[in-house]
Ligand code: PEP
Ligand code: MN
């Protein structure tokens, strides 16, 4: 179901404010985590002004340590939804378990399946049964075929509203980059599948100064959208402090991306 052989034309995912895929380009941005009500309202307005049409923000967070900030839960979802509605944006947020699908689904337009859950097959099947758009992140050490099989789990339940997110894969040298952005995966995925391909340069980079160059590379390679972490005061962020962009940095990045897209 995921293959170009099954469906030759690009899948276009329709949401309240976006058509994702095909010749469209979608910028999704916001903080790693929703930290409080005020910050998400301010950020929503700022990323919208820069050109984003989807607001991201984690409320249920898959943190490496159980002692780190785990997100605001349902309150975070409420703040995110209100901030998005106030600014005419769609919402994308992570759902981590089957049990949370119903409550997260009440607040979000797009379910994000995190890299750590790419092969959580029960979760994939359950979001497949909802028919709500899903952004499926590539696992930390997943092959392209494994990513496509994960998408197949969602599609096999009848949900074709799937976008694939390349967010960097783990390699042997994490000293200067958190993960390795697999730019080659973009044209490969376009050849193999009809689903939209999105680049998340933030989690690949791990460092704010690397986010823009990786975003440009992904766009030049044919990505149909970007997922980027933005925070008013990245140094004080409760998660992923090193890689979040300020609104000013993000605005510059989007302007540059538009120039790259205008080339062809
Ligand atoms: C995130 O988007 O904040 C996140 C945790 O991403 P990933 O699953 O790619 O690590
Ligand atoms: Mn993050």
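Report the full-extension gain for the segment residue 140 to residue 209: residue separation times 0.36 nm, less the Cα-Cα distance, to one decimal in nm.
Going from the current span to full extension adds 22.7 nm.
Calculated mean residue ellipticity, 222 nm, the chain: -11000 deg cm²/dmol, from DSSP H runs (n ≥ 4) at -39500 (n - 2.57) each, averaged per residue and rounded to 500. If you plug the beta carbon distance of residue 149 and residue 241 into 1/(1 + (r/R0)^6) with R0 = 35 Å, you get a FRET efficiency near 0.55. Measuring from a point 7 Å past the Cα of residue 98 along Cα-to-C-beta, which residues in region 139-159 have an amide N at less than 20 Å? Backbone N within reach: 149-159.
Just so you know, the averaged projected area of the alpha carbon convex hull for region 13-263 sits at 11.9 nm². Protection proxy ranking of 219-227, 164-172, by the mean of other Cβ atoms within 10 Å over each peptide's residues and highest first, is 219-227, 164-172.
Taking each residue as 0.36 nm, the span from residue 1 to residue 24 lengthens on full extension beyond its C-alpha to C-alpha distance by 6.1 nm.
Residues 239, 2, 103, ranked from the fewest to the most other C-beta atoms within 10 Å, line up as 103, 239, 2. The modelled label-to-label distance for the pair residue 220/residue 67, using points 7 Å beyond Cα in the direction of Cβ, is 4.3 nm.
What's the FRET efficiency of residue 232 with residue 252 using the Cβ-Cβ distance as r and R₀ = 22 Å, to the nearest 0.05? Walk me through the intermediate numbers first.
Values: r = 16 Å, r/R0 = 0.72.
Between residue 232 and residue 252 the formula returns 0.90.
Calculated FRET efficiency, residue 74 and residue 42, Cβ-Cβ r, R0 22 Å, to nearest 0.05? The partial results should precede the final answer.
On the way: r = 21 Å, r/R0 = 0.96.
Here the calculated transfer efficiency is 0.55.
How much of the DSSP bridge set in region 103-186 is antiparallel, in percent, rounded to the nearest 5? Of those bridges, close to 10 percent are antiparallel. Summarising the strand pairing of the chain, around 15 percent of its internal DSSP beta bridges are antiparallel.
Only the coordinates and a few stated rules stand behind these numbers; no lab work does. All of these numbers come straight from a predicted model, not from anything done at the bench. Note: ideal-geometry Cβ built from the backbone for every residue, glycine included; neighbour counts use all protein chains shown.
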